[in-house]
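Reviewing the structure listed below.
The values are calculated or read from the model by the stated rules, or taken from the named source; none is laboratory data. Bear in mind that the values here come from a model prediction, so they are computed numbers and not experimental data. Because the Cβ atoms are built from the backbone with ideal geometry, glycine has one as well, and the counts that use them run over all protein chains shown. With ligands, DNA and RNA removed, areas are computed over all heavy atoms of the protein, side chains included. Shrake-Rupley method; radii C 1.70, N 1.55, O 1.52, S 1.80 Å.
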Amino acid sequence: MTSTDKKLKLNKIEQSKAKKHPLLLKQELEQFAQIGWEAVDDFDREYGLKWLGFFHRTVTPGKFMLRMRIPNGILTSTQMCVLAEIVQRYCQGSGFQDRGNADITTRQNLQLRGMRIEDIPDIFDRLLKAGLTSVQSGMDNVRNITGSPVAGIDADELIDTRGLVRNLQDMITGNSQGNLALSNLPRKFNIAVAGGRDNSVHAEINDLGYLPAYKEGKLGFNLLVGGYFAPNNYVAAIPLNAWIPPEEVVPLAEAMLIVYNENGSRAKRQKCRMMHLIEDWGLEKFRTELENQLGHPLEPAAEKDEIDWEKRDHIGVHKQKQPGLNYVGLHVPIGRLYADEMFELARLAEVYGGGEVRLTVEQNLIIPDVPDTRLETFLNEPLVKERFTTAPEQLNRALVSCTGSEFCSYAMIETKNRALKLIQELESELNLPRPIRIHWTGCPNSCGQPQVADIGLIGTKARKDGETVEAADIWMGGKVGKDAHLGEEIMKKVPCDELKDVLRGLLIEHFEAQPNREAVREKTTVG
Ligand code: SRM
Ligand code: SF4
């Protein structure tokens, strides 16, 4: 706690956590299954269970979402099958869906939807047996840790992030058993480890970001700290002026989490992210406290980091560093998957690849290790040819969307379905020279990362013709990869039914979109 904090009252979540550590709810799952969701204590149901990865969705009362942890976004095909089985067996239709589904998230992760509390003990068991975990994936915990999606297969990679991210997760979650010591943070905490030249994990918007950098000929990481998005507060991480070798990745994170845990504010929840501690103390004191916790001084940052590429989206066929092998990036519209597709993806990864499926922060998939000799047959598989293609349209290709009102009670607008429909209409009217990254997010929490997009949309409400309607604030100019920086708000409260025209105008004016002939002809005829 900070000194000012000591005079302030603990916030309500802190008061509840102090009564019972929510990780201990693991022992009560069987009982919850017996008494049913309505009889479970309100705090336990709406907040506590998130420590185990189960999120009650008040939009669909009685149904839970399961947020996994998938370090570095890597799953085996067997694990993908287990998750597909869970969706098929336990997830029932809700929202716009008549069947359960899974969504790929902006943290290279999966969320499964539509399960009942009665099935949670079984599901928990199945995850454990498959070497999977969902512990500490919500609330005051470190979120899924992101790493380069092509770690170990990228011919140009600098550092293979797979082991580092796995070790970070193991330290933080007590090898997936749940770690009481690091799961009562003042607030959420995000970690990203970049291993390539294009910072494909948006390290700059994390509480702790690792960027590859050489120091005296040795490859390690420069550190960024304090990045976060919260309503009306969108803050890029700042350099800590520290360089560490790869073997310090885990101890450094552990020390930082302890410093934050012991000193971060626990009063007003809006002021509890780590950047507030940094602002309160100043960067120098924060660095010194970190050194004290680590037990040795930190080396100053390397003069420059190695992020000097534009960001890749990994879609399509790419040669791996292993001769004769390719990784194939598949486009998943708005990141949504159904059980049959998940089974099929697992089969494809098994039959054509090395039995691995990877996820990206753009809510897409990668199948690694497809040999040259099998590539053509793989690309002709119906799922790849017709659904998760390697050559999507330019806008669809780079579309990202948060969950929105279909399942999220914070949402001011519907996002995923609207985004897809709008993008398809714009694709049919415009020719675009390159992908334009349009990110949708249903409320100012900004889970869809609109501030890093070429065009970002943040859900809000507006008044139109005397009525309250769904609307969006529009952001533009987010830059990713080399020289990453956040965009800026350019328009406020554009009603959703006017968005198509507004986006069309922005795409033509700023992104070299050209109206296509059919659209021009149609407009002229109608006009
Ligand atoms: Fe998020 C809360 C979904 C990435 C900032 N986020 C939520 C909740 C849990 C609210 C809730 O209980 O309904 C949403 C669950 C909706 C649902 O049913 O899916 C939710 N956040 C998501 C996901 C699924 C969006 C997506 O469609 O991909 C992402 C899951 C990531 C994961 O796998 O763990 C997701 N959320 C983010 C990001 C992006 C990122 O991490 O790079 C951010 C901004 C970055 C950041 O956190 O600094 C983000 N989510 C928030 C916030 C605002 C945090 C704050 O400090 O104020 C909230 C609200 C909160 O925590 O109080 C929130
Ligand atoms: Fe829900 Fe808002 Fe996050 Fe979208 S941005 S998932 S609406 S909390």
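Values computed for the structure shown
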quantity: Among residues of the stretch 140-184, those that are among the acidic types (Asp, Glu) and over 25 Å from residue 263 (Cα atoms), counted; calculated: 4
quantity: Matching option when the condition is within 30 Å of residue 306 (Cα to Cα) and at pLDDT below 95, among 526, 452, 480; calculated: 480
quantity: Which listed residue is away from ligand 2 (no atom under 16 Å from the Cβ) and not hydroxyl-bearing (Ser, Thr, Tyr), from 420, 430; calculated: 430
quantity: Qualifying strands (runs of 3 or more DSSP E) (wholly inside the stretch 3-85; at least 2 residues being of a type in the set (Ser, Thr, Tyr)); calculated: none
quantity: All positions within the stretch 439-468 that are part of a strand (DSSP E or B), touching a Ser or Thr at 6+ places or on another chain (Cβ under 9 Å) and open to solvent by less than 50 Å² (accessible area, probe 1.4 Å); calculated: 439, 440, 441, 456, 457, 458, 459, 462
quantity: Subset of the stretch 317-338 that is of a type in the set (Gly, Ala, Ser) and under 21 Å from the mean Cα position of the chain (by Cα) - its residue that is nearest to ligand 2 (Cβ to nearest atom); calculated: 335
quantity: Residue 394, sole failed condition from (1) within 16 Å of ligand 2 (Cβ to nearest atom); (2) open to solvent by 30 Å² or more (accessible area, probe 1.4 Å); calculated: (1)
quantity: Sole exception among (1) in contact with a helix residue (DSSP H, G or I) (Cβ under 8 Å, 6 or more places away or on another chain); (2) buried (at least 24 other Cβ atoms within 10 Å of the Cβ) for residue 171, by number; calculated: (2)
quantity: Qualifying residue in the stretch 202-215 (condition: at pLDDT 95 or above, more than 22 Å from residue 233 (Cα to Cα) and acidic (Asp, Glu)); calculated: no
quantity: Qualifying residue in the stretch 407-427 (condition: modelled with pLDDT of 95 or more, touching a Phe, Trp or Tyr at 6+ places or on another chain (Cβ under 9 Å), closer than 24 Å to residue 312 by Cβ and open to solvent by 40 Å² or more (accessible area, probe 1.4 Å)); calculated: no
quantity: Every residue from the stretch 104-131 that is of a type outside the set (Val, Ile, Thr), buried (at least 23 other Cβ atoms within 10 Å of the Cβ) and assigned to a loop (DSSP other than H, G, I, E, B); calculated: 107, 108, 109
quantity: The stretch 37-55: number of residues that are over 19 Å from the mean Cα position of the chain (by Cα), under 26 Å from residue 182 (Cα atoms) and not hydroxyl-bearing (Ser, Thr, Tyr); calculated: 9
quantity: Strands (runs of 3 or more DSSP E) contained in the stretch 188-258 and holding at least 1 residues more than 10 Å from ligand 1 (Cβ to nearest atom) and either surrounded by 24 or more Cβ atoms within 10 Å (Cβ to Cβ) or not acidic (Asp, Glu) (or both); calculated: 191-193, 208-215, 218-225, 238-244
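Here is a yes/no grid of residues against (1) among the acidic types (Asp, Glu); (2) surrounded by fewer than 24 Cβ atoms within 10 Å (Cβ to Cβ); (3) modelled with pLDDT of 95 or more; (4) touching a strand residue (DSSP E or B) at 6+ places or on another chain (Cβ under 6 Å):
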site	(1), (2), (3), (4)
65	no, no, yes, yes
73	no, no, yes, yes
82	no, yes, yes, no
92	no, yes, no, yes
